[in-house]
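Trainee: Can you read through this structure? Questions will come right after.
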Amino acid sequence: MKSVAEICSDLIRFDTTNPGSGERPAAEYVATLLADAGMEPVVFESAPKRTTVVTRIDGDSSDALLIHGHLDVVPADPSEWAMHPFSGEIVDDCVYGRGAVDMKGSCAMTLATVLGMAERGERPKRDLVLAFLADEEATGDYGSRHAVGEHRELFDGVSEAISESGGFSVTAGEHRVYPIAVGERGTAWMKLTAHGVAGHGSRPPADNPVATLAHALSRVASYEWPVRLTPPVAALIKDLGEITGQPVDLDRLDAEAARLGALGHLFKGQIRNSANPTMLDAGYKVNVVPSTAEAHVDGRYLPGLQEEFLDVIDDLLGPKVTREFVNLEDAPGAPYPSPFFDELAGALMAEDPKARPVPYVMAGGTDAKSFARIGIKGYGFAPLMLRPDLDYFGMFHGKDERVPVEGLEFGTRVLTRLLTAA
């Protein structure tokens, strides 16, 4: 059987850039591994080469657990990397390449776990559904949304799910903190449009939509969103104070996040809503005032705060700018505290005596949003023990993305313990 690092390297060598040529080669590789181990993978496409693989493994309980991951990756410019981003090279005990942490490394851990269980003849304690998905790095229309909409029966009996952006270690003195995601911020990607009066650029403007939109975007970009502590984030901050031996001052959370360094990153982007202008499009000639101007804004809001978020956005935009959603997804949450959270924490602590699991809310979003639509409660749990000097958050969509081999091996042991422990 291939090692987890070898599987990770193999997956990285498939260029599944989104947008690009699709996920089919990586999906076929995954399906072959599963079929060779005696499983019966279902392979389907939402569009040519936009390929997803799903399989079910019978366990001792029909209350099924979903483990999902995505096979697509964001673009990477080879000229900016120390080695080619699709080489999958193993150097200095790290697997290098686009997707090493986001999230072909996690997919490799899932595969290594279930293939190892099959080789040893081990049966999971509950039914497992594995999903290797297309299109997470866009809207999920070709991946998770298609899967839950057109292949809902493949997820029958699933109550909970685990996937990316949780279970990784953050070193804090003698302790290693492991955030387990119990929710994530909602997504509001918006297209903004300002209409005005076209005219010659040399004349006093009658109603310049470029200026209107620029002023609106300035208001959005400079707005200071108020702190809104959701229960899981409040619990995280309390736990971090206990772990470090110094309570976190709730009246100055930005300064406290800076003081705590890597630990502060666990709540810095999760204490308020946010809206970032990301794209602009207006005009076609320097001496012509256009009749329209457009922009895009990436909005994110905390669980339960969608209405408040949109009210503020509308006030900031003003009456001359209209908005429409490019993508609107609710902010999903999973039960916390809960017996399943305790199971996840227990698997970590069994493999790492210094582990301190804490609740966590993701600043961004994952395919968990799609599965929440059909009632599946998603937790961020892709366990990795990381070197203290590795900037894990910087690996996501960054240059020289890499994951330690020992971290992948640790994660495989944790997943095996989670799925098979009595």
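The values are calculated or read from the model by the stated rules, or taken from the named source; none is laboratory data. As the structure is a computational prediction, the values presented were derived from the model and not from experiment. Quick reminder, even Gly has a Cβ in these numbers, built from the backbone with ideal geometry, and neighbours come from all protein chains shown. For the accessible areas, the whole protein counts, side chains as well, though only heavy atoms, and no ligand, DNA or RNA atoms are used. Shrake-Rupley method; radii C 1.70, N 1.55, O 1.52, S 1.80 Å.
Trainee: Tell me, please, whether a residue that is under 30 Å from residue 155 (Cα atoms) and open to solvent by 40 Å² or more (accessible area, probe 1.4 Å) can be found in region 306-324.
Mentor: Within region 306-324, one or more residues are under 30 Å from residue 155 (Cα atoms) and open to solvent by 40 Å² or more (accessible area, probe 1.4 Å).
Trainee: Among the residues of region 190-226, write down those that are more than 39 Å from the chain's Cα centre (by Cα) and of a type in the set (D, E, K, R).
Mentor: Result: 203, 207.
Trainee: What is the one condition in (1) of a type in the set (Phe, Trp, Tyr); (2) in a helix (DSSP H, G or I); (3) open to solvent by less than 30 Å² (accessible area, probe 1.4 Å) that residue 379 does not satisfy?
Mentor: It fails just one condition, (2).
Trainee: Can you confirm whether region 386-402 contains a residue that is assigned to a helix (DSSP H, G or I), in contact with a Leu (Cβ under 9 Å, 6 or more places away or on another chain), surrounded by fewer than 21 Cβ atoms within 10 Å (Cβ to Cβ) and touching a residue at least 24 places away in the same chain (Cβ under 8 Å)?
Mentor: Checking region 386-402: at least one residue is assigned to a helix (DSSP H, G or I), in contact with a Leu (Cβ under 9 Å, 6 or more places away or on another chain), surrounded by fewer than 21 Cβ atoms within 10 Å (Cβ to Cβ) and touching a residue at least 24 places away in the same chain (Cβ under 8 Å).
Trainee: Among the numbered criteria (1) surrounded by fewer than 15 Cβ atoms within 10 Å (Cβ to Cβ); (2) out of contact with any Pro (no Cβ under 9 Å at 6 or more places or on another chain); (3) more than 21 Å from residue 363 (Cα to Cα), which one does residue 278 miss?
Mentor: Residue 278 satisfies every listed condition except (3).
Trainee: Follow-up question, since we're still on this one. So is residue 147 under 21 Å from residue 74 (Cβ atoms) and at pLDDT 95 or above or not?
Mentor: Answer is yes for this residue.
Trainee: Right, something else. Which of the residues belonging to region 161-175 are surrounded by fewer than 21 Cβ atoms within 10 Å (Cβ to Cβ) and either at negative phi or aliphatic (A, V, I, L, M) (or both)?
Mentor: 171, 172, 174, 175
Trainee: Let me ask you something else. All but one of (1) touching an Asp or Glu at 6+ places or on another chain (Cβ under 9 Å); (2) within 22 Å of residue 153 (Cα to Cα); (3) surrounded by fewer than 23 Cβ atoms within 10 Å (Cβ to Cβ); (4) touching a residue at least 40 places away in the same chain (Cβ under 8 Å) hold for residue 18, so report the exception by its number.
Mentor: Of (1) touching an Asp or Glu at 6+ places or on another chain (Cβ under 9 Å); (2) within 22 Å of residue 153 (Cα to Cα); (3) surrounded by fewer than 23 Cβ atoms within 10 Å (Cβ to Cβ); (4) touching a residue at least 40 places away in the same chain (Cβ under 8 Å), only one is false for residue 18: (2).
Trainee: Something else now. Taking region 310-324, which residues are among the hydrophobic types (A, V, I, L, M, F, W, C) and closer than 17 Å to residue 194 by Cβ?
Mentor: As a first pass, look at region 310-324 and keep what is among the hydrophobic types (A, V, I, L, M, F, W, C): 310, 312-313, 316-317, 321.
The answer is 313, 316, 317, 321.
Trainee: Suppose we keep only residues that are of a type in the set (A, V, I, L, M) and more than 22 Å from residue 181 (Cβ to Cβ) within region 247-269. Which one would you say is least open to solvent (accessible area, probe 1.4 Å)?
Mentor: The selected residue is 255.
Trainee: Taking the options 104, 125, name whichever one is buried (at least 24 other Cβ atoms within 10 Å of the Cβ), under 30 Å from residue 354 (Cβ atoms), among the basic types (Lys, Arg) and touching a residue at least 12 places away in the same chain (Cβ under 8 Å).
Mentor: The conditions single out 104.
Trainee: Scan 347, 372 and give me the residue that is open to solvent by 30 Å² or more (accessible area, probe 1.4 Å) and modelled with pLDDT of 95 or more.
Mentor: 372
Trainee: Go over the candidates 74, 54, 4, 30 one by one and state the one that is open to solvent by less than 30 Å² (accessible area, probe 1.4 Å) and more than 25 Å from residue 118 (Cβ to Cβ).
Mentor: Going through 74, 54, 4, 30 in turn, the sole match is 74.
Trainee: In the list 141, 135, which residue meets the criterion of being in a loop (DSSP other than H, G, I, E, B), at positive phi, of a type in the set (D, E, K, R) and modelled with pLDDT of 95 or more?
Mentor: Among 141, 135, only 135 is in a loop (DSSP other than H, G, I, E, B), at positive phi, of a type in the set (D, E, K, R) and modelled with pLDDT of 95 or more.
Trainee: Follow-up. Inside region 260-311, can you point out the residues that are β-branched (Val, Ile, Thr) and part of a strand (DSSP E or B)?
Mentor: Hits for region 260-311 are 278, 288, 289, 292, 297.
Trainee: Could I ask something else about it? Could we say that residue 361 is within 30 Å of residue 291 (Cβ to Cβ), buried (at least 21 other Cβ atoms within 10 Å of the Cβ) and either at pLDDT below 95 or out of contact with any Cys (no Cβ under 7 Å at 6 or more places or on another chain) (or both) here?
Mentor: Numbers: within 30 Å of residue 291 (Cβ to Cβ): no; buried (at least 21 other Cβ atoms within 10 Å of the Cβ): yes; either at pLDDT below 95 or out of contact with any Cys (no Cβ under 7 Å at 6 or more places or on another chain) (or both): yes.
Taking the combined requirement at face value, the residue does not satisfy it.
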